[in-house]
Amino acid sequence: MINLLAISYNNIGPFKDQNLTIFFDQGKYLIKAPIGAGKSFLFFDGPIYGLYKYSGRNMLNTQSKSGFIKLLFEIDDQHYLIVRNLTKTKTKESCSTTLYTVHKVEGPKSIKSLEDLMTLHTGGLLTDIDIQTELGKNLDIHIEEVTFKNETDLQQTLNTLLPPREVFLNTVFLMQDSDNIFELQPADRLTVLKNVFNLIGVDEAKDKIAERKKEIWYKLKATADTSKYDEKLKRLLADYMGNYKKLNDTDYKEFFDELENIYEKLNIAEFSADDFPVKMHEDIDKKVEKNKSDYQKINHQLLTLVESHKVESHKVEGYQKEVKDLTSKIQNLESRISTIDPTKIVKLKDEKKSLLKQQDSLQKEVKHELIKKFYVEHKNIFDDFKMNPDVIANAYLFVQYLKNTGKILNEEVKNIQLQVKHQNDTLKEYEERLKAINVKIKLLDKDFDQQAAFDCSKIKTNCPFIKVINKKTFEQLDKQKELLQKEKNALEAKIGALKKLKDSSKELKSKEKDIED
């Protein structure tokens, strides 16, 4: 996290021939001054230009030829002093930058930390004070210049240390031409303060939290409250017991006893008519008809109660199982909580901080700008490589990818070299064969001329009829020459084709050179 400690100006904005220094305190402030007084230069444009060398307007006073911005800041427990020396040119401003590291040295007597230096100059905006001079006066503070190749290298290194400029800009609140806050209505004043201190969404967040809390409370109540199911189960069980008692009442008991008596008498093999009253079945029919509907109704209610009892029993078993599972989970959590060692948690946190510092250190060591530049310049060989947002992981993956790509390209170079060598060897072989054929053709022509040269003593010259006389010999010589000529033509065609391939092999060699590069 970045912490701005102090900033010094000379000939900046409207402040001509003035040395101004601001010692920043923690907290947020409302700054009220007339338009054009230099609020933005002191508290907004100055720090941004000091950190990022960025500004939408000229920083140097229009009537001054030179000036400076000196910013003391802290990041990752390391203090830095950056000095921007501004010089006016014919068309615009030029800037030369120097970066220093500021170390705290334990001395025998005076200041032991930069925070002590800050407390010596409380009061906000001070004149005729230069922060670099103040640091140089103190023997317990050591300033060491950091060397760089050029201005661009310095700014790139700074950008790796600092948060992105857009993030820094969005964390600085700037309100120009606003009404006097002390003249506003209480509600408007509260709105302004909420904007300043990033509290504008607190009320809305409170309402959302209250609604969510109420919703969760209803869900918990619905899952935890089983009283209505217990009451329903009690009521159904009471109805069941009441119906069971009704079945055992006197009227129904007599009815079933009488039916049982009839059944026993029907099973007797012999009985007299006197033992069984004639009109008894009529009485039975009347009683059966009278109690039939009641019996069916009670039987239906009984079946319904039995089914309801089964359903409720199943629900109760489910609830009991859930209670048992929850009890087991609670016991497990309690046992795990009892085994937690607070010292281990502190140790793990310290280890995490140490690892984060190591990670930051490794990220600073990684030449990610060089990797990024190489990636952009040779993007054609990185079609399937995806940049990783993690600097360390990206560097490792990038190197591994280069190794694998290098192996593939080496194999391709070897294949190209073998192709070129094979073409050259074949061409050489064909040229040797062509030379041999040309020699044979010359010898054949020489033999032909010798055969055709026959000195005739009568005409004192070569005989003109020698070819007619030795017709077969000359025909054989012509056939041999014709065969050799065909073979020569075929070889010349092959050599021509190979030479064309040799011309195309220049492209292979060019590709080989590109791969080696």
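The values are calculated or read from the model by the stated rules, or taken from the named source; none is laboratory data. Since the structure is predicted, the reported quantities are computational estimates derived from the model, not experimental observations. A quick note on method: Cβ atoms are made from the backbone with ideal geometry, for glycine too, and the neighbour counts reach across all protein chains shown.
Looking only at residues in region 77-89 that are touching a strand residue (DSSP E or B) at 6+ places or on another chain (Cβ under 9 Å) and not hydrophobic (A, V, I, L, M, F, W, C), which one is surrounded by the fewest Cβ atoms within 10 Å (Cβ to Cβ)?
Looking at residues that are touching a strand residue (DSSP E or B) at 6+ places or on another chain (Cβ under 9 Å) and not hydrophobic (A, V, I, L, M, F, W, C), I get Gln78.
Of all residues in region 399-413, those that are surrounded by 10 or more Cβ atoms within 10 Å (Cβ to Cβ) and among the charged types (D, E, K, R) have Cβ atoms under 7 Å from Cβ atoms of residues that are at pLDDT below 80 and assigned to a helix (DSSP H, G or I), 6 or more apart or on another chain, in Glu412/Ile515.
Being more than 16 Å from Gly50 (Cβ to Cβ) and in contact with a Lys or Arg (Cβ under 6 Å, 6 or more places away or on another chain) is the filter here; which residues of region 125-145 pass it? Listed by number, the list is empty, since nothing qualifies.
Against the conditions (1) surrounded by fewer than 18 Cβ atoms within 10 Å (Cβ to Cβ); (2) within 38 Å of the chain's Cα centre (by Cα), Phe41 satisfies every one except (1). For region 40-78, name all the residues that are charged (D, E, K, R) and without any contact (Cβ under 8 Å) to a residue 12 or more places away in the chain. Once the filter is applied, which keeps residues that are charged (D, E, K, R) and without any contact (Cβ under 8 Å) to a residue 12 or more places away in the chain, region 40-78 yields only Asp77. With respect to the conditions (1) surrounded by 12 or more Cβ atoms within 10 Å (Cβ to Cβ); (2) of a type outside the set (S, T, N, Q); (3) touching a Phe, Trp or Tyr at 6+ places or on another chain (Cβ under 7 Å); (4) at pLDDT below 85, Val172 falls short on a single one, namely (1).
The sole residue among Lys92, Lys70 that is buried (at least 19 other Cβ atoms within 10 Å of the Cβ) and more than 36 Å from the chain's Cα centre (by Cα) is Lys70. State yes or no: is Ala436 among the small types (Gly, Ala, Ser) and either at pLDDT 75 or above or not assigned by TED's automatic domain parsing to the domain that holds Ala497 (or both)? For Ala436, the condition - among the small types (Gly, Ala, Ser) and either at pLDDT 75 or above or not assigned by TED's automatic domain parsing to the domain that holds Ala497 (or both) - is met.
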